[in-house]
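Only the coordinates and a few stated rules stand behind these numbers; no lab work does. What you see is a predicted model; the values in this text were computed from it and never measured. Because the Cβ atoms are built from the backbone with ideal geometry, glycine has one as well, and the counts that use them run over all protein chains shown.
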Amino acid sequence: MKQLPLKGGTAFTKAQIEKYHKPHLILSLADSNAFDHCLEWILKNKPKTLNIAGPRESGESGIYKQVYQFLSQIFERLTREH
């Protein structure tokens with residue numbers, strides 16, 4: 001989940017996935033299409049492992065809960081429909 005500009009561990013993760021040419025998706029929870037983009041990306045790429053990177057709770061209050069709720073909804077939809 002993104003916070004621009006990317007920094008710290010999030011920037012490092014992005015550099016590594018680009019270095020190793022791994023499929024990736026950078027999202028902002030503020031984007032009204034984030035849910036659909038995420039769902040489409042997962043269905044297209046069918047990842048066996050999903051690495052979630054983003055700002056720490058200590059640096060962005062409330063981000064843990066927001067991401068947890070977002071991902072819970074994604075996984076619920078995937079479980080229900082696929």
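Values computed for the structure shown
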| item | result |
| --- | --- |
| Cα-based shape type of the stretch 1-41, given that a ≥ b ≥ c are square roots of the gyration tensor eigenvalues and the cut on a/c is 1.5 | oblate |
| Per DSSP, loop chymotrypsin sites (Phe, Trp or Tyr not before Pro) in the chain with at most 15 further Cβ within 10 Å | Tyr20 |
| Proximal lysine pairs, the chain, alpha carbons under 17 Å, eight or more residues apart or interchain | 7 |
| Residue-span extension gain [Lys46 to Glu60] - 0.36 nm each, minus C-alpha spacing | 2.1 nm |
| Relative contact order (%) - the chain, alpha-carbon pairs under 8 angstrom, separation at least six | 38 |
| Pairwise FRET efficiency - Ser28 versus Arg80, Cβ, R0 = 30 Å, nearest 0.05 | 0.75 |
| Computed log₁₀ I(q)/I(0) - Debye formula, equal Cα scatterers, no solvent, the chain, q 0.11, 0.20 Å⁻¹ | -0.30, -1.01 |
| Sparse-neighbour loop sites [trypsin sites (Lys or Arg not before Pro); the stretch 1-53; at most 10 other C-beta within 10 Å; DSSP] | Lys48 |
| The chain, helix-only ellipticity at 222 nm - DSSP H runs n ≥ 4, -39,500 (n - 2.57), divided by all residues, nearest 500 | -17000 deg cm²/dmol |
